[in-house]
1. Are any of the residues in the stretch 157-175 among the β-branched types (Val, Ile, Thr) and either surrounded by fewer than 16 Cβ atoms within 10 Å (Cβ to Cβ) or in contact with a Lys or Arg (Cβ under 8 Å, 6 or more places away or on another chain) (or both)?
2. Taking into account only those residues within the stretch 170-184 that are in a strand (DSSP E or B) and more than 22 Å from residue 109 (Cα to Cα), which is nearest to the chain's Cα centre (by Cα)?
3. Limited to the stretch 142-152, what total is found for residues that are aliphatic (A, V, I, L, M) and at pLDDT 95 or above?
4. Step by step: first the residues of the stretch 30-47, then only those that are within 18 Å of the chain's Cα centre (by Cα) and part of a loop (DSSP other than H, G, I, E, B), then the one that is nearest to residue 143 (Cα to Cα). Which residue is that?
Amino acid sequence: MCIIIHKPKDKTVDLDALKRCWDRNDHGAGFMFANDNKVWGNKGYMTFEALLAGLHGAGFYRKGKLTGKHAVTIHFRLASHGKIQPSNCHPFPVTDELDVLKARFWEADCGVAHNGVIPIERDNKNISDTMTYIMARMSMVYDQMDNDEVYNLVAEETTGSRLFILKADGSHILFGGWTEEDGILYSNEGFRVPQRKPQSNVVAFPSYQTYLNQDLDWKETKTKRPPAPPGMKWVTAK
């Protein structure tokens, strides 16, 4: 399913939330940010420890949390198409060049992270639906996203997905439904602490055949058999 986190400047995300996102989407990770009128991306982290080291090295992770000094967008992958390997991790630069899409460290005029599945035919089965769509469509229109007609076209083609488009000036464009909590954007609810389901007070009685079987076991073992359900009585199998 994947999950994307966008942490704006002056906001923080704690280690526990990052770990929950990784544990549920552990097929690789990466991050991107805008600086000097470019979008910069680091990806291909195949362990949680490697991701934290990468974030720390880029100045985004300090003292057990994402630092509030800079904005950063992180993607945690759960593969739907394409191999589980560093080159298929998000985020991606928006380009029509496959070698650039596969690069672990990149810079571009625009970057994208995707959560979901895009229904597009893949000639190359080793790469993902996201990579295919970026090359076939987004690389042609990324600089026209402010146009309603172009935006609606991409929204229609990616229905059901969440897309985070990061521009070189630090602004972003969203597609799909997002969750905002404490100023942080999440592409789904996978960052939350799981809630325990309440226990049911309904008592389920075993089937009649189950009781027949238990009766046979009782005859062989001479142990005390359980009481019959209401309205039923024991039947001795001959």
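1. Within the stretch 157-175, one or more residues are among the β-branched types (Val, Ile, Thr) and either surrounded by fewer than 16 Cβ atoms within 10 Å (Cβ to Cβ) or in contact with a Lys or Arg (Cβ under 8 Å, 6 or more places away or on another chain) (or both).
2. The extreme case among them is 179.
3. 1
4. Here the residue is 46.
The values are calculated or read from the model by the stated rules, or taken from the named source; none is laboratory data. The structure presented is a predicted model; accordingly, all values stated were derived computationally and were not measured. In this analysis, Cβ positions are derived from the backbone assuming ideal geometry, glycine residues included, and neighbour counts consider all displayed protein chains.
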